[in-house]
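Report on the following structure.
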Amino acid sequence: MTDPSEDKERPRRAPARPSTGGPRSSGASGSGRGGGPRRDAPKRDGAAPKREWKPREGAAPKREWKPREGAAPRGAASTRDGAAAPKREWKPRDGAAPKREWKPREGGDTKREWKPREGAAPRRDGGPRAGSAGRSGAPVRSGRPPAGADRRPPGADRRPVRASDDDSRPRHDDPEIPDEVEAKQLDKVARGELRTLSKENADWVARHLLMAGRLIDDDPALAHMHALAAGRRAGRIGVVRETVAITAYATGDFALALRELRTYRRLTGRNDQLPLMVDSERGVGRPDRALELGRSVPRSELDVAVQVELAIAMSGARLDLGQPDAALTELQIPQLDPERAFAWSPALFDAYATVLEELGHDDEAEQWWQRSDRATIALEQAAIPEGEDTVEIIEEIIEEDPDGAAR
């Protein structure tokens, strides 16, 4: 048990007060956390007394701070180590050239005064427009036309209107068409492809196509001009691009023919002009590409007439590469029948005879030349309707004597 007398002598701790956040006051008496006077805390038994601070023995005395000579006063701009850097006066470097004063070049043009270009719109006035302001409240420059208005000055040239496929107006570079050539004379299949055009434009295109077909054998250049005129009016029609390609091939422009044939093939999805594409590749000097193009489509997917024409074109590509034996093999197809004549037979017989002559088989080549002539005659006779005779008209010039008697 503890002695009650000891409890009386032992001081009791005051309960901790919550901090009110008030400021602490300084002074001898001090203040507590709650802002009231701070009571001196009793010393614990055996606690050491608070030592008074004294400098250590042998330690250097505390130096009094003094500004460095030439240093700027406190608060001024200073360098990294705290010392103020005096502003240095600029001086030219030793040996450096003096700064040159600008002068105009001798003989050079003086500053030219701005002048408006001839026919150009006048400069817009930069003054404020009465009763108007921009988004920020600033006045808007005058002279600017309202939204949606024509900004071009009066009298300025208008941009030419681009002709469309429905434009039926005649053009200055279109070749003339005789009055007797009518649109209804065009083939019905070709006429059907022009239905997407207006009637007036379709008639113009049809008449140009008719002229191209009539002139391609006698005047290929003029036929090509008619085809180009049709192409300017209906460039997205397959039969038109086909006609441009055929006339270009007839004039010897194989590069243009190849481009137009590719476009025709893309528009229609047809391969009926594949032989002409192969021959055009030969024309631009690419027989290897010609053979590759000819093998790209299975022969069974082509019509018989197209198969024959393709065989002739492939044979020609082989001859271009110096392969006459392979050229003869290309022509040995089922349609090479000397006993029957079809529309493609004369051209096939001629090609076969040409390759035989290249190989030195002149006698055999002569036989195929004769077969080609007989096939041509047979086809001409078959074209005459049954029951009609061929009438040959012979004109004779009769001269009369001065006495009026004929002789």
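Which condition number in (1) over 21 Å from Q367 (Cβ atoms); (2) modelled with pLDDT under 95 is the one that E339 fails? Only one criterion is unmet by E339, namely (1). Filtering region 334-383 to residues that are of a type in the set (V, I, T) and either under 18 Å from E309 (Cα atoms) or not assigned by TED's automatic domain parsing to the domain that holds L310 (or both) leaves T354, V355, T376. A search for C-beta distances below 7 Å between a residue of region 183-200 that is basic (K, R) and any residue that is in a helix (DSSP H, G or I), counting only pairs 6+ apart in sequence or on different chains, returns R191/A206. Do we find a residue being assigned by TED's automatic domain parsing to the domain that holds L256, within 26 Å of T251 (Cα to Cα), surrounded by 12 or more Cβ atoms within 10 Å (Cβ to Cβ) and at pLDDT below 90 anywhere in region 190-201? No, because not a single residue in region 190-201 is assigned by TED's automatic domain parsing to the domain that holds L256, within 26 Å of T251 (Cα to Cα), surrounded by 12 or more Cβ atoms within 10 Å (Cβ to Cβ) and at pLDDT below 90.
Let's see how each residue does on (1) closer than 20 Å to D253 by Cα; (2) loosely packed, with under 13 Cβ neighbours inside 10 Å; (3) not polar (S, T, N, Q):
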| residue | (1), (2), (3) |
| --- | --- |
| N271 | no, no, no |
| P275 | yes, no, yes |
| R286 | yes, no, yes |
| R289 | yes, no, yes |
| L302 | no, no, yes |
| A305 | no, no, yes |
| A311 | no, no, yes |
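The values are calculated or read from the model by the stated rules, or taken from the named source; none is laboratory data. These numbers were taken from a predicted model, which means no experiment stands behind them. So basically every Cβ, Gly included, is an ideal-geometry build from the backbone, and we count neighbours across all protein chains shown.
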